[in-house]
Number of protein chains: 2
Amino acid sequence: MAKEKEMVQVDRILAAKEDDYGGVTVEMTNEPLDPSVFASLLRASLSHWRQQGKKGVWIKLPIELVMLVEPAVKEGFIYHHAEPKYLMLVSWLPETANTIPANATHRVGIGAFVVNERNEVLVVQEKSGRFRGTGVWKFPTGVVDEGEDISDAAVREVKEETGVNAKFVELLAFRQSHKSFFDKSDLFFVCMLQPLSHDIQMQEREIEAAQWMPFEQYAAQPFVQGHDLLRYISDICSAKMEGRYTGFSPVPTVTSFSAKKTYLYMNGNVRTTGQQRPLM
Amino acid sequence: MAKEKEMVQVDRILAAKEDDYGGVTVEMTNEPLDPSVFASLLRASLSHWRQQGKKGVWIKLPIELVMLVEPAVKEGFIYHHAEPKYLMLVSWLPETANTIPANATHRVGIGAFVVNERNEVLVVQEKSGRFRGTGVWKFPTGVVDEGEDISDAAVREVKEETGVNAKFVELLAFRQSHKSFFDKSDLFFVCMLQPLSHDIQMQEREIEAAQWMPFEQYAAQPFVQGHDLLRYISDICSAKMEGRYTGFSPVPTVTSFSAKKTYLYMNGNVRTTGQQRPLM
């Protein structure tokens, strides 16, 4: 689906782009279309694509064209995924087992362990969420945006919540949890960052308070010590500060399939032998 | 949204469950409902929830009730997410900034490095996908199911594709890539597994060939050596076999918020001091 080859525009059928997997994608413009006209166009198009041996047929419907959802479903389409402004439907034409790609299953979040040369850690109190009003000081956390690198998200969240500039150092650990919202899962990455500035400028909308705090004081909070996961993370951070821990570092790699640069997160502390090409 | 408190059933409004975030979720049964009746019920319900100071209103519509999507959108709902059999819509009632949770953004996949005592690695050739017909031998790979632990997914995929029973050992590295399908991202975890059985029973539907191959022979394939990411992964596996590499191990932790068991993946090879409680 990623790359699009050519426009297929035949009279009386829907305009569609071919994909690399033997399928086509219909991208509807926002212009209103009568549902019965759409249904008739869709039937003719499906017949045409079936003759051509097409496999997956995708229709991306902007929310403005909500009136076309029902006719599409009546022609055998099912939902694939949705975002606030559009719904993606799909229909698998051949008799063979469908190879429609799975929908996204995970939300990705980060927690930022920002520690300065005096072993002070950057902590916040949030205005909403489960920690609201508890007096608990926590690391800045946030959700990784669509298309955003984990390392970039950590830097961005720290800047947004506290105004502090920081540099990504290492990914220390991550947690996978399930049914975090509805049936979806969650991956939460604990990232270590090095501060590049000191002064705090708090984001008023989300943050109640922010400060630099001696790490020991953060770790000694009863809430941290009484909470299995937070205690582990605190222990990892402590081990890291004392040079007893190695997490994963992002290494840029190029995927020849797509020529896109992507990050491989790996242990950078590899003991290489003489014969071995260094990994980093 | 995760936990539901009580049923709110008032005459002439839609049945809805309250959530922990000041919102309500309407779960429609599959019974047909006239769109205009639904629209009128929905208007009365929204008015009621607004008076109650409710925030997010969620409607989960089974695909059988596709005729109710349009009336919901006309009453101000937007799409949140969709799966083949349902569409989730949401509307944020108050004037305050919305705190609707982000949709899932990532698909999660695994690659399984299964290596036996003779330094032979389990490799396959696939019947479809980008490697089809290339003669390239690759690690078994697959998609992590909704609600499935990464470590379980690796064991399952090896069993499904090759019939080999294996035990999860360590997570060696992972790659994050973007726009893998439409606008969604991908997290691909390289897992090391220890085989518990030897005989191969190939899955005919997806797999063209499967065998145990000396690791050096796998790594020497021109495709692996010519491909940035695969060469890195091969180097990591090689370093791991020689005891020069440490990845992340899953540690079960309990989140007191929800009492759910979740895995924290961390470097288990922590040099602990005398005073320090061991992490593992």
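The values are calculated or read from the model by the stated rules, or taken from the named source; none is laboratory data. Just so it is clear, the structure is predicted and the values come from calculations on it, not from any experiment. With ideal geometry, Cβ positions are generated from the backbone for all residues, glycine too; neighbour counts draw on all protein chains shown. With ligands, DNA and RNA removed, areas are computed over all heavy atoms of the protein, side chains included. Shrake-Rupley method; radii C 1.70, N 1.55, O 1.52, S 1.80 Å.
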### Task
For B:GLY111, state whether it is touching a Ser or Thr at 6+ places or on another chain (Cβ under 7 Å), within 29 Å of B:VAL143 (Cα to Cα) and at pLDDT 95 or above.
yes
### Task
Could you please give the count of residues in segment A:227-247 that are at the interface with another protein chain (Cβ under 7 Å from one of its Cβ atoms) and either crowded, with 19+ Cβ neighbours inside 10 Å or under 17 Å from B:TYR245 (Cβ atoms) (or both)?
9
### Query
Quick check, is A:HIS80 surrounded by fewer than 21 Cβ atoms within 10 Å (Cβ to Cβ) and outside the structural domain of A:ALA220 (by the TED database)?
no
### Query
Of the residues that make up segment A:193-204, is at least one at pLDDT 95 or above and within 14 Å of chain B (Cβ to nearest Cβ)?
no
### Query
Just to be sure, is A:PHE131 farther than 24 Å from A:LEU264 by Cα and without any contact (Cβ under 8 Å) to a residue 24 or more places away in the chain?
yes
### Message
Suppose the filter is under 27 Å from the mean Cα position of the chain (by Cα), of a type outside the set (Asp, Glu) and open to solvent by 20 Å² or more (accessible area, probe 1.4 Å); does A:PRO214 pass it?
### Response
no
### Message
Which pairs turn up if I take residues in segment B:101-117 that are without any contact (Cβ under 8 Å) to a residue 12 or more places away in the chain and at negative phi and look for partners that are in a strand (DSSP E or B) and open to solvent by less than 10 Å² (accessible area, probe 1.4 Å) with beta carbon separation below 9 Å, at least 6 apart in sequence or on another chain?
### Response
B:ALA102/A:PHE181
### Query
Which of the residues spanning segment B:223-240 are among the small types (Gly, Ala, Ser) and over 26 Å from the mean Cα position of the chain (by Cα)?
B:GLY226, B:SER238, B:ALA239
#### Entry: Any pair with Cβ under 8 angstrom, 6 or more apart, that starts in segment A:182-201 at a residue that is more than 25 Å from B:PRO101 (Cα to Cα) and ends at one that is part of a loop (DSSP other than H, G, I, E, B) and open to solvent by 40 Å² or more (accessible area, probe 1.4 Å)
A:PRO195/A:ASN165; A:LEU196/A:ASN165; A:SER197/A:ASN165
### Message
Tally up the residues in segment B:153-169 that are closer than 19 Å to B:ILE233 by Cα and surrounded by 23 or more Cβ atoms within 10 Å (Cβ to Cβ), please.
### Response
3
### Message
Quick test for you: out of B:VAL270, B:VAL224, pick the one residue that is open to solvent by less than 60 Å² (accessible area, probe 1.4 Å), modelled with pLDDT under 95, facing chain A (nearest Cβ under 7 Å) and in contact with a Leu (Cβ under 7 Å, 6 or more places away or on another chain).
### Response
B:VAL270
### Summary
Out of (1) within 10 Å of another protein chain (Cβ to nearest Cβ); (2) open to solvent by 30 Å² or more (accessible area, probe 1.4 Å); (3) touching a residue at least 24 places away in the same chain (Cβ under 8 Å), the one A:ASN98 does not meet is (1)
### Task
Considering every residue within segment A:108-125, establish whether at least one is at the interface with chain B (Cβ under 7 Å from one of its Cβ atoms), in contact with a His (Cβ under 8 Å, 6 or more places away or on another chain) and not aromatic (Phe, Trp, Tyr).
yes
### Message
Among the residues of segment B:37-47, are any surrounded by 15 or more Cβ atoms within 10 Å (Cβ to Cβ) and either part of a loop (DSSP other than H, G, I, E, B) or among the β-branched types (Val, Ile, Thr) (or both)?
### Response
no
